[in-house]
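Participant: The structure under discussion is supplied below as structure tokens; questions concerning it will follow.
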Amino acid sequence: GAGVSQSPSNKVTEKGKDVELRCDPISGHTALYWYRQSLGQGLEFLIYFQGNSAPDKSGLPSDRFSAERTGGSVSTLTIQRTQQEDSAVYLCASSLSGSSYEQYFGPGTRLTVT
Amino acid sequence: GQNIDQPTEMTATEGAIVQINCTYQTSGFNGLFWYQQHAGEAPTFLSYNVLDGLEEKGRFSSFLSRSKGYSYLLLKELQMKDSASYLCAPRGSNDYKLSFGAGTTVTVRA
């Protein structure tokens, strides 16, 4: 079946502009995660959605970052007033539930802020 | 928070064995995962350990010692396609999210 999809695959934006990154999880997966991976670094947790529960936003680096998950499926990560340090690959993952042990990752969105 | 330590790079010859060590500190413990990530691609799940001992899955095995905060991933009969980054990811007892180490880049040479 279809895996996790993300769009766009690449995004180049000017400093100060807002960007939206989209994630389509695997159908039926109730848990959705956003991570960020900077060049040569490990994955950094950003935010977690589980069903209709309030999301865990503890990993968001600043109030310029926000995320929504509509209808328990598609999620959008929004970065306002982008900065050069926001340049990274943004990865989305989903799992059957928060306690399921396997997270399936999407291909990521490479964001470059010039 | 979580502290995760694994070597940055390892090089091995095709057909050989490589062991990637990972030490971690977590607030409680609820399993440790290993993921493989090829350059420019998303991580893919390799293994999961929640009890002490060795879990074998084909050419790959993963070991866990909870008391020592230690795990390793063993790659046997190395193939060129095994050249990738290997990420150690422990999970705390009250966490559903994973904390990833920076990864170990394994280079397999002919």
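The values are calculated or read from the model by the stated rules, or taken from the named source; none is laboratory data. None of the values given here were measured: they were computed from a predicted structure. Cβ sites come from the backbone with ideal geometry, for glycine too, and all protein chains shown count toward neighbours. Quick note on the areas: whole protein, heavy atoms, side chains included, nothing else; ligands and nucleic acids left out. Shrake-Rupley method; radii C 1.70, N 1.55, O 1.52, S 1.80 Å.
Participant: Using modelled backbone amide H atoms (1.01 Å from N, in-plane), which distant-in-sequence or interchain residues come within less than 5 Å of A:Gly108's amide H?
Facilitator: A:Gln6, A:Cys92
Participant: Taking +1 at the Cβ of each Lys and Arg and -1 at the Cβ of each Asp and Glu, which of A:Thr13, A:Gln50, A:Trp34 sits farthest along the dipole of chain A towards its positive end, judged by Cα position relative to the Cα centre?
Facilitator: A:Thr13
Participant: Okay, moving on. Over region A:1-99, what lengths in whole Å, largest first, do the semi-axes of the equivalent ellipsoid take, defined as the square roots of 5 times the eigenvalues of the alpha-carbon gyration tensor?
Facilitator: 22, 14, 13
Participant: Carbon and sulfur: what percent of the protein assembly as shown's accessible surface (1.4 Å probe)?
Facilitator: With neighbouring chains kept in place, the figure for the protein assembly as shown is 46 percent.
Participant: FRET efficiency for A:Thr112 and A:Ala54, Cβ-Cβ distance as r, R0 = 35 Å, nearest 0.05?
Facilitator: Efficiency at R0 = 35 Å is approximately 0.65.
Participant: Give me the summed buried accessible area for the A-B pair, 1.4 Å probe, to the nearest 100 Å².
Facilitator: The contact between B and A buries close to 1400 Å².
Participant: Work out, step by step, the length gained on full extension between B:Gln25 and B:Arg59: first 0.36 nm times the residue separation, then minus their alpha carbon distance; give nm to one decimal.
Facilitator: 9.5 nm
Participant: Taking only the alpha carbons of region A:50-106, what extent do you get along each of the three principal axes, in Å, biggest first?
Facilitator: Cα extents, longest axis first: 35, 20, 19 Å.
Participant: With N set to the number of residues, divide the alpha-carbon radius of gyration of region B:60-110 by 2.2 N^0.38 Å and report two decimals.
Facilitator: 1.35
Participant: Moving on to the next point. Using 0.36 nm times the number of residues separating A:Glu102 and A:Gln84, minus their current alpha carbon distance, what extension gain do you get?
Facilitator: Length gained between A:Glu102 and A:Gln84: 3.3 nm.
Participant: Additional query: Viscosity 0.692 mPa s, temperature 37 °C: give me the Stokes-Einstein translational D for chain B in µm²/s, with Rh taken as the Kirkwood radius over C-alpha pairs.
Facilitator: For the chosen part, D equals 237 µm²/s.
Participant: Next question. Just counting partner chain Cβ atoms within 10 Å, what average do the residues of peptide A:103-109 show around their Cβ?
Facilitator: 4
Participant: Between A:Ala2 and A:Ser73, what is 0.36 nm times their sequence separation minus the Cα-Cα distance? Round to one decimal in nm.
Facilitator: 24.2 nm is the gain from fully extending A:Ala2 to A:Ser73.
Participant: Okay, moving on. Considering only protein heavy atoms, what per residue accessible area in square angstrom results for region A:11-114 with a 1.4 angstrom probe?
Facilitator: 47
Participant: Next up: Once phi is turned into θ = phi - 60°, what whole-Hz ³J(HN,Hα) does the Karplus curve with 6.51, -1.76 and 1.60 give for every residue of region B:4-11, x standing for Gly and Pro?
Facilitator: The phi angles translate into 10, 10, 8, x, 6, 9, 9, 10 Hz.
Participant: Let me ask something additional. Between B:Ile17 and A:Asp18, what is the label-point separation in nm under the 7 Å Cα-to-beta-carbon projection?
Facilitator: 5.6
Participant: Work out, in µm²/s and without decimals, the Stokes-Einstein translational diffusion coefficient of region A:1-52 at 37 °C, 0.692 mPa s, Rh from Kirkwood over C-alpha pairs.
Facilitator: Estimated via Stokes-Einstein, D reaches 249 µm²/s.
Participant: So if I place +1 on the C-beta of Lys and Arg and -1 on the C-beta of Asp and Glu, and nothing else carries charge, what would the dipole magnitude of the protein assembly as shown be about its Cα centre? I want it in debye, nearest 20.
Facilitator: The dipole of the protein assembly as shown has a size of about 120 debye.
Participant: Next question. If the protein assembly as shown were replaced by its equivalent ellipsoid, with semi-axes equal to the square roots of 5 times the Cα gyration tensor eigenvalues, what would those be, largest first, whole Å?
Facilitator: 30, 20, 16
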